[in-house]
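Here's the structure, in structure tokens; my notes come after.
Each value in this text was obtained by applying a stated rule to the coordinates, not by laboratory testing. What you are looking at is a predicted structure, and each value in this text was computed from that prediction instead of being measured. Note that each Cβ is placed from the backbone with ideal geometry, even for glycine, and that neighbours are counted across all protein chains shown.
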Amino acid sequence: MTTPNAWSDRFDETLHPAIARFNASIGFDIELIEYDLTGSVAHARMLARTGIISAEEGERLVQGLEQIRQEYRAGNFNPGIDQEDVHFAVERRLTELAGDAGKKLHTARSRNDQVGTDIRLYLRAQIDQIREALRVYQEALLSLAQENVETLIPGYTHLQRAQPISLAHHLLAYFQMARRDWQRLGEIRARVNISPLGSGALAGTTFPIDRHFSAELLGFEGVYNNSLDGVSDRDFAIEFLGAASLIMVHLSRLSEEMILWASQEFSFITLTDRCATGSSIMPQKKNPDVPELIRGKSGRVIGHLQSLLVLMKGLPLAYNKDLQEDKEALFDAVKTVLASLEAMTILLTEGIRFRPERLASAVAEDFSNATDVADYLAGKGVPFREAYNLVGKAVKTSLGAGKLLKDLTLEEWRTLHPAFEADIYEAITPRQVVAARNSYGGTGFDQVRQALTAAEAELGQGQ
Ligand code: ARG
């Protein structure tokens with residue numbers, strides 16, 4: 001803590017140690033180091049190209065920065081709290097390595113445009129990774145769906161059995177959510193991929209920089225048009241957290257279903273030993289810890305979105321130190337989303353086993369074919385609302401008699417309405433009930449097969 005402050009001789013005293021710790025971000029922003037080095041290399045090249053520094057100085061800077069990269073990767077660059085943040089830590093090491101040239105790196109730049117550049121580079125790379133992980137998760141959903149086109153499962157509304165559906169159809173609903181997540185991140189990536197570098201502290205710079213050149217070196221698609229906006233915009237981070245929150249919401253919903261399905265009351269799946277845990281006291285238990293954790297972790301990511309919105313809402317232009325608080329939220333959201341996607345993918349591939357016998361009896365032993373009886377009558381010309389009321393009566397009578405609709409005799413059906421014929425029995429088997437919902441996007445087997453083909457094509461399978 002005896003190291004002089006990184007800033008100018010305007011200061012006579014060093015920071016109070018507790019304040020130094022409070023102020024420092026090096027404990028977490030070291031995560032940005034690779035992006036910081038890459039950003040600085042581009043800045044150094046731009047300075048040399050525009051003649052702001054000599055070509056030779058530019059070269060020394062680039063070499064020094066690459067050496068720091070090697071040191072970091074080898075585990076030999078571990079700046080302490082006295083370095084305040086990753087940007088100062090790199091600059092100081094660079095000055096040790098490149099002498100006076102090192103001191104020129106920060107010409108025409110501020111940590112404000114620098115840190116903005118770093119998080120954009122970081123986020124761009126993480127978005128690409130998350131989109132990859134989403135694809136792997138989609139593959140897992142798809143292959144489970146491919147195996148279960150004809151497996152029937154109760155479909156619910158209000159968590160009451162509603163109509164039976166194909167299990168593949170159910171799984172493909174999650175495939176669609178993941179598909180939107182993948183697209184959404186692609187759209188956000190375009191807004192992340194804009195360079196603030198060269199905005200300076202807030203107002204631009206007196207040097208003849210070339211912002212487009214450094215942006216191009218870094219693979220940015222464009223540059224911020226306003227320097228104040230460039231250093232203080234975090235919309236892209238909020239959008240990212242919004243997309244991350246939605247991914248977690250989707251994973252959490254699937255987790256909730258798995259938790260229900262694994263309960264004794266449902267018993268639709270069993271959890272494999274590879275992915276379930278035991279209780280420390282109740283020997284009979286097998287707990288769905290993994291989906292529970294995913295469900296729980298969704299709260300963290302949603303919380304980070306909330307943090308960043310609140311962080312931004314009162315900030316006057318331009319940079320304010322509050323913005324240092326954006327990082328841990330982003331880092332944790334990225335890690336949580338990646339870990340949750342991976343865990344869910346493993347659950348789908350080897351963590352759960354559907355129980356066909358339980359599913360078969362679940363779809364056979366209820367009144368979830370009632371709509372089909374009404375549709376049957378409506379198909380014979382009875383107005384749907386009238387048919388609906390008749391079937392309501394049939395359900396009531398059956399319930400009273402301890403029967404299901406399939407147990408009613410043809411006479412009983414006929415007393416209800418003369419349009420009933422013997423084919424009513426076939427029309428209300430679970431299989432037929434599912435097969436008949438052949439409207440576009442429905443659960444009918446033909447529709448589900450078409451949806452699978454589209455999903456396969458999207459993932460580049462079967463070509
Ligand atoms: N560690 C700071 C952050 O994360 C870097 C920028 C500091 N800028 C400043 N003007 N103090 O935001």
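For region 273-394, what is the relative contact order in percent, using Cα pairs closer than 8 Å and at least 6 residues apart in sequence?
21 percent
What relative contact order, as a whole-number percentage, does region 59-189 give when Cα pairs under 8 Å and 6 or more residues apart are counted?
So the answer I get is 18 percent.
Using just the Cα positions, wrap region 376-452 in a convex hull and report its mean projected area in square nanometres, one decimal place.
5.7 nm²
How large is the Kirkwood hydrodynamic radius of region 187-311, in angstrom, based on all distinct alpha carbon pairs?
One over the average 1/r among Cα pairs gives 18.2 Å for region 187-311.
Could you pull out the GluC sites (Glu not before Pro) across region 198-259 that fall in loop regions by DSSP (anything but H, G, I, E, B) with no more than 14 other Cβ atoms inside 10 Å?
Those that pass, being in a loop and sparsely packed, are 221.
Pulled fully out, how much extra length does the chain show between residue 256 and residue 421, if you take 0.36 nm times their separation in residues and subtract their Cα-Cα distance?
Extra length available between residue 256 and residue 421 comes to 55.2 nm.
Could you please tell me the mean projected area of the C-alpha convex hull for region 413-463, averaged over all directions and given in square nanometres to one decimal?
Convex hull of Cα atoms, orientation-averaged projection: 4.6 nm².
Quick one: which of 297/321; 104/321; 286/406; 285/396; 286/327; 285/393 span more than 31 angstrom between C-alpha atoms?
Long pairs (Cα-Cα over 31 Å): 286/406; 285/396; 286/327; 285/393.
Select from region 1-90 those GluC sites (Glu not before Pro) which occupy a DSSP coil region and have at most 15 other Cβ atoms within 10 Å, ordered by residue number.
In loop regions of region 1-90 (DSSP not H, G, I, E or B), the sparsely surrounded GluC sites (Glu not before Pro) are 13.
Helix-only estimate, please: 222 nm mean residue ellipticity of the chain, summing -39500 (n - 2.57) across DSSP H runs of length 4 or more and dividing by its residues, to the nearest 500.
-19500 deg cm²/dmol, from helical runs alone.
Can you put 184, 120, 414 in order of Cβ neighbours within 10 angstrom, beginning with the fewest?
Fewest-to-most Cβ neighbours within 10 Å comes out as 414, 184, 120.
At what distance in nm do the modelled label points of residue 81 and residue 380 sit from each other, each positioned 7 Å from its Cα along Cα→Cβ?
Taking the two extended label points, one gets 8.3 nm.
Using 7 Å Cα-to-Cβ label points, what is the residue 161/residue 328 separation (nm, one decimal)?
With each label point 7 Å from Cα toward Cβ, the separation is 5.0 nm.
Show log10 I(q)/I(0) for region 1-128 at q = 0.18 Å⁻¹, two decimals, from a solvent-free Debye sum over equal Cα scatterers.
The computed values of log10 I(q)/I(0) come out as -1.02.
Using the Cα centre of the chain as origin and beta-carbon charges of +1 (Lys, Arg) and -1 (Asp, Glu), tell me which of 232, 186, 299 is placed farthest towards the positive end of the dipole.
My answer, from the dipole projection, is 299.
Tilt of helix 86-98 relative to the longest C-alpha principal axis of the chain, in degrees (0 to 90, nearest 10)?
Rounded to the nearest ten degrees, it is 40.
Which whole-number percentage describes the relative contact order of the chain, with Cα contacts under 8 Å and a sequence gap of 6 or more?
15 percent
Short version: what are the Cα gyration tensor semi-axes of region 250-362, square root of 5 times each eigenvalue, largest first, in whole Å?
Each semi-axis is √(5λ); the values are 39, 14, 12 Å.
Could you work out the equivalent-ellipsoid semi-axes for the chain, taking the square root of 5 times each eigenvalue of the Cα gyration tensor, largest first, in whole Å?
Semi-axis lengths for the chain are 62, 23, 19 Å.
Need one number: nm distance between label points at residue 321 and residue 212, each 7 Å from Cα along Cα→Cβ, rounded to one decimal.
3.9 nm
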